[in-house]
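Engineer: Please find one structure pasted underneath; my questions will follow.
The values are calculated or read from the model by the stated rules, or taken from the named source; none is laboratory data. Keep in mind it's a predicted model, so treat the numbers as computed, not measured. Positions of Cβ are generated from backbone atoms using ideal geometry, with glycine treated the same way; all protein chains shown enter the neighbour counts.
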Amino acid sequence: MDKYFIIDASPLIFLTRANQLNLLRQIINSDVIVPAAVETEIRQYGKDDITAQMLAQTNWLKVVNVPSIPNVIQKHRLGMGESAVLAWSYLHSNTEVIIDDLSARRCASALNIPMRGTLGLVLIAKQRGIIPAARPIIEKLRQSGMYLSDVIINQALSLIKE
């Protein structure tokens, strides 16, 4: 059985704006699912937005429609993108979600849905030798608008002995 990966808007936006979308492809050597609700969210930034352009131009980012959101996810009152990501993974047990939103991560945890965030992707890239150092990528993510406290960054870097 194939494993699926599905991504929410914020990791996609941060990786694209930091010019690091290639990390996602190197870590996940298969198509990455993007719910139509996430595509809609990204397109709201306008057709000239770099993430919207990359989504349209990148053939391994596959936009899919997600069936109705199960009640167990609706009760968490998440955004449409987060709800769609979690609904897909809830309905497809062989799916890992890439999501940053804390409320969505709590929902995923409660439902035993495998997940990782943008920062986790960077740490995996370092561990696999895809990048020589994580800190420069993390700084690019911060410059692209991702909020990461110094405490979180230092804790993350200590996990990979950097």
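Engineer: For segment 3-12, indicate whether the set of residues that are outside any helix (DSSP H, G or I), at pLDDT 95 or above and of a type in the set (Val, Ile, Thr) is non-empty.
Structural biologist: Looking through segment 3-12, at least one residue is outside any helix (DSSP H, G or I), at pLDDT 95 or above and of a type in the set (Val, Ile, Thr).
Engineer: Also, quick follow-up: Quick one: in segment 90-127, which of the residues that are touching a Phe, Trp or Tyr at 6+ places or on another chain (Cβ under 8 Å) and among the hydroxyl-bearing types (Ser, Thr, Tyr) is nearest to residue 30 (Cα to Cα)?
Structural biologist: This residue is 95.
Engineer: If residue 140 satisfies every condition in (1) within 12 Å of residue 7 (Cα to Cα); (2) touching a residue at least 60 places away in the same chain (Cβ under 8 Å) but one, which is the exception?
Structural biologist: It is condition (1) that residue 140 fails.
Engineer: Next up: Which is of a type in the set (D, E, K, R) and under 17 Å from residue 10 (Cα atoms), of 139, 162?
Structural biologist: Matching residue, one of 139, 162: 139.
Engineer: Can you tell me which condition residue 45 does not meet? The list is (1) loosely packed, with under 15 Cβ neighbours inside 10 Å; (2) closer than 17 Å to residue 141 by Cβ, and all the others hold.
Structural biologist: (2)
Engineer: Quick check on this structure: which one of 148, 141, 123, 159 is modelled with pLDDT under 95 and under 18 Å from the mean Cα position of the chain (by Cα)?
Structural biologist: 148
Engineer: Search segment 121-162 for residues being charged (D, E, K, R) and part of a helix (DSSP H, G or I), and hand back the single one that is nearest to residue 19 (Cα to Cα).
Structural biologist: The qualifying residue nearest to residue 19 (Cα to Cα) is 140.
Engineer: Let me ask another. Within segment 17-33, is even one residue in contact (Cβ under 8 Å) with a residue 40 or more places away in the chain, under 21 Å from residue 139 (Cα atoms) and β-branched (Val, Ile, Thr)?
Structural biologist: Yes: one or more hits.
Engineer: Further, regarding this structure: For the structure I just gave you, tell me whether residue 56 is modelled with pLDDT under 95 and either of a type in the set (Gly, Ala, Ser) or crowded, with 22+ Cβ neighbours inside 10 Å (or both).
Structural biologist: Yes.
Engineer: In segment 63-76, is there at least one residue being under 15 Å from residue 12 (Cα atoms) and either surrounded by 21 or more Cβ atoms within 10 Å (Cβ to Cβ) or acidic (Asp, Glu) (or both)?
Structural biologist: So far as segment 63-76 goes, no, none of its residues is under 15 Å from residue 12 (Cα atoms) and either surrounded by 21 or more Cβ atoms within 10 Å (Cβ to Cβ) or acidic (Asp, Glu) (or both).
Engineer: How about segment 46-120: which helices (runs of 4 or more DSSP H) wholly inside it have at least 1 residues that are farther than 27 Å from residue 152 by Cα, touching a residue at least 60 places away in the same chain (Cβ under 8 Å) and under 17 Å from the mean Cα position of the chain (by Cα)?
Structural biologist: 80-91
Engineer: Provide a single number: the residues in segment 13-45 that are closer than 21 Å to residue 3 by Cα, in a helix (DSSP H, G or I) and not β-branched (Val, Ile, Thr).
Structural biologist: 7
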